[in-house]
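S.K.: Below you will find the structure I want to go over with you.
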Amino acid sequence: RILTRPGNRVGGLLYGDRVERVIPAGGGRRHVLRLLNRMLSRPAPAGPVVTKLGDLLQTALRVVRRRSLVFVVSDFISAPGWEAPLALLAQRHEVLAVRLFDPLELEWPDLGLLLVQDAETGEQAWVDTHDGGFRQRFAAAAERREAELRSAFQKAGVDALELSTLDDVVDAIRRFADLRRQRLRGSAADNLPKHLGGR
C-alpha cells in the first residue's frame, strides 16, 4: 500500500510449484486488496516440490516490459540456474532481493535427537543436535551458503534485504530504505564536480 500512494502501479507474479498467476499492474486500494487476497488464498502445494526460482525470473523478464522496481521475495532455496536470469532482470529494472530466512537455518541449538523434513523434497532424516561436531558442520555449511548467496546478489548487481522470521518487518524495511537513501545520496555526490561537493 505504501508503494501505491504516489500513484504507482503494483502487480505480482505468484509462484508455488510453478508460476501460478500473473497479476497485471494496477493502482488504488482495491487493486492492492485484490492482490493481497490472491496471495493469501493460494492453495498449499499438494506435495513436496522443488522450487525453480529461475522459472519465476524468466517469466518476469517476459512479462514486466516497462522499467520497474522489482521485489523478488524468496528464501532463495532453489534449484540452480536462477543467478543469470536475476542478473538479466537487474539490467532492465531496479531489483531488490528480499530474502526470508529462519535463524535455525544458520545455526542449531542443542535440542537432542530430532526428526527433520526437507520442505522442498519431503525427505526425512534423524539428526542428533546434541552432537557438537554435527552442529559445527551444519553452521559451516550454512555460512558457505550465505557467502554464495551474497556473492550471487553482488554479481547480479542487486541489493538484498535479509528478513529473519524474528524481525519486525516494518522496522527492517524502514532501516533498509534509510541506508539505501544514504547510499544513493553518496553515489550522487561522487558524480558531482568537486566545486559542488563531489568527491
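S.K.: What percentage of the solvent-accessible surface of the chain, computed with a 1.4 Å probe over protein heavy atoms, is contributed by carbon and sulfur atoms?
M.R.: Carbon and sulfur together cover 54 percent of it.
S.K.: Under 10 Å, Cα contacts only: if you run a Gaussian network model on the chain, which one of Leu13, Leu106, Leu179 comes out with the highest mean-square fluctuation?
M.R.: Largest GNM mean-square fluctuation: Leu179.
S.K.: Same structure again: Using helices alone, what [θ] at 222 nm do you get for the chain, with -39,500 (n - 2.57) per DSSP H run of 4 or more residues, divided over all residues and rounded to the nearest 500?
M.R.: After summing the helix terms and dividing by residue count, I get -13500 deg cm²/dmol.
S.K.: Within segment 8-95, list the GluC sites (Glu not before Pro) lying in a DSSP loop whose Cβ has at most 15 other Cβ atoms in a 10 Å radius.
M.R.: none
S.K.: Leaving out ligands and nucleic acids, note down the accessible area per residue over the chain with a 1.4 angstrom probe, in whole Å².
M.R.: 68 Å²
S.K.: Something else about it: With N set to the number of residues, divide the alpha-carbon radius of gyration of the chain by 2.2 N^0.38 Å and report two decimals.
M.R.: Compactness ratio reported: 1.21.
S.K.: Here is a follow-up. What length, rounded to one decimal in nm, is gained on full extension from Thr121 through to Leu33, with 0.36 nm per residue of separation minus their alpha-carbon distance?
M.R.: My answer for the length gained is 28.4 nm.
S.K.: Let me know the charge dipole size of segment 44-130 about its Cα centre in debye, to the nearest 20, where only the beta-carbon of Lys, Arg (+1) and Asp, Glu (-1) is charged.
M.R.: It works out to roughly 1000 debye.
S.K.: Right, another one. For segment 2-104, what is the percent of antiparallel DSSP beta bridges, rounded to the nearest 5?
M.R.: Restricted to segment 2-104, the bridges split so that about 45 percent are antiparallel.
S.K.: Lys52 accessible area, nearest 10 Å², 1.4 Å probe?
M.R.: Spelled out: Lys52, probe radius 1.4 Å, area about 110 Å².
S.K.: Where nothing but the Cβ of Lys and Arg (+1) and of Asp and Glu (-1) is charged, how large is the charge dipole of the chain around its Cα centre, in debye to the nearest 20?
M.R.: So the magnitude is around 1900 debye.
S.K.: For Cα pairs less than 8 Å apart in space and 6+ apart in sequence, what is the mean separation divided by the residue count of the chain, i.e. the relative contact order in percent?
M.R.: About 16 percent, as a whole number.
The values are calculated or read from the model by the stated rules, or taken from the named source; none is laboratory data. Just so it is clear, the structure is predicted and the values come from calculations on it, not from any experiment. We place every Cβ from the backbone using ideal geometry, glycine too, and count neighbours over all the protein chains shown. SASA here: full protein model, heavy atoms, side chains in, ligands and nucleic acids out. Shrake-Rupley method; radii C 1.70, N 1.55, O 1.52, S 1.80 Å.
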